[in-house]
């Protein structure tokens, strides 16, 4: 048996935000099994965590198709499970990951993720024809493994229906479409499409904001930002850019828990 939890991240409401599956393991399962489990949950991310010390854990993330280097919402989800189900004497835990050491601090009902800033941008020279001609693109920038596409209207962004097949042909993990917010509730909004890794649209993407925080900090001239990801489920993120780190503050809610029957697995 393997215990699991389903956690809705970057929201205070159940069945909003971004759901992630979390599995806490005593020993690492074989990689094909972890990938199969992620495919069974069929959420944008399934996290596997293994405790290595009182406040130290190893953490890996899988989409339904592959393992990824960084996932913010599943890190938040895992932290909620750890603080809720394990005796952790400190308010800060550390994860050893493929993206280095990630720290998560518990602050009352909030959790603060300390993630690497991914603000090294380069030009994009590929074809971008997945959007309707009415979508006015302000700029594009390659940011590590993602593509940022800024458009001129947050209203258009909310209603956007891109061609998923064409997006899947772009050589990147995902496409972040973003726009300056027209209301005072947030500084900018975004949506995230990653069909190449099995996620047509991700509801709320922590790792994308490791790129969006430095992108919008430069444009808006400030390092503290309020962000909204305008997917159907939606989610809010408070961002603080500090040197080479992005601190992301948000809530999460455990929606379900159970056990996986692995008696037929080798």
Practice prompt. Search segment 56-72 for residues being in contact with a helix residue (DSSP H, G or I) (Cβ under 8 Å, 6 or more places away or on another chain) and part of a strand (DSSP E or B), and hand back the single one that is surrounded by the fewest Cβ atoms within 10 Å (Cβ to Cβ).
Written response: 67
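Hey, could you check segment 134-165 for residues that are touching a strand residue (DSSP E or B) at 6+ places or on another chain (Cβ under 7 Å) and part of a helix (DSSP H, G or I) and say which is surrounded by the most Cβ atoms within 10 Å (Cβ to Cβ)?
Ranking the qualifying residues of segment 134-165, first place goes to 157.
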Discussion item. Test of understanding: among 88, 104, which residue is in the same structural domain as residue 23 (by TED's automatic domain parsing) and touching a helix residue (DSSP H, G or I) at 6+ places or on another chain (Cβ under 6 Å)?
Written reply: 104
Discussion item. Checking residue 131 against (1) over 24 Å from residue 203 (Cβ atoms); (2) assigned to a loop (DSSP other than H, G, I, E, B), only one condition comes out false. Which one?
Written reply: (1)
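Report whether or not residue 40 is out of contact with any strand residue (DSSP E or B) (no Cβ under 7 Å at 6 or more places or on another chain) and under 14 Å from residue 61 (Cβ atoms).
Answer is no for this residue.
May I ask you to verify whether residue 32 is free of Cβ contacts under 8 Å to residues at least 12 places away in the same chain and either assigned to a helix (DSSP H, G or I) or touching a helix residue (DSSP H, G or I) at 6+ places or on another chain (Cβ under 8 Å) (or both)?
The answer is yes for residue 32.
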Worksheet entry | In segment 83-96, the residues that are within 16 Å of residue 107 (Cβ to Cβ) and surrounded by 21 or more Cβ atoms within 10 Å (Cβ to Cβ) | 93
Item to complete: Report whether or not residue 7 is modelled with pLDDT of 95 or more, under 28 Å from residue 195 (Cα atoms), surrounded by 14 or more Cβ atoms within 10 Å (Cβ to Cβ) and in contact with a helix residue (DSSP H, G or I) (Cβ under 6 Å, 6 or more places away or on another chain).
Response: yes
Worksheet item: With respect to the numbered conditions (1) out of contact with any helix residue (DSSP H, G or I) (no Cβ under 6 Å at 6 or more places or on another chain); (2) surrounded by 16 or more Cβ atoms within 10 Å (Cβ to Cβ); (3) more than 23 Å from residue 122 (Cα to Cα), which one is the sole condition not fulfilled by residue 258?
Response: (2)
Worksheet item: Only one of these conditions is not met by residue 203: (1) surrounded by fewer than 23 Cβ atoms within 10 Å (Cβ to Cβ); (2) under 20 Å from residue 232 (Cα atoms). Which number is it?
Response: (1)
Item to complete: Might you check whether a residue that is in contact (Cβ under 8 Å) with a residue 12 or more places away in the chain, out of contact with any strand residue (DSSP E or B) (no Cβ under 6 Å at 6 or more places or on another chain) and assigned to a loop (DSSP other than H, G, I, E, B) occurs anywhere in segment 73-85?
Response: no
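The values are calculated or read from the model by the stated rules, or taken from the named source; none is laboratory data. The structure presented is a predicted model; accordingly, all values stated were derived computationally and were not measured. Neighbour counts run over all protein chains shown; Cβ positions are idealised from the backbone, glycine included.
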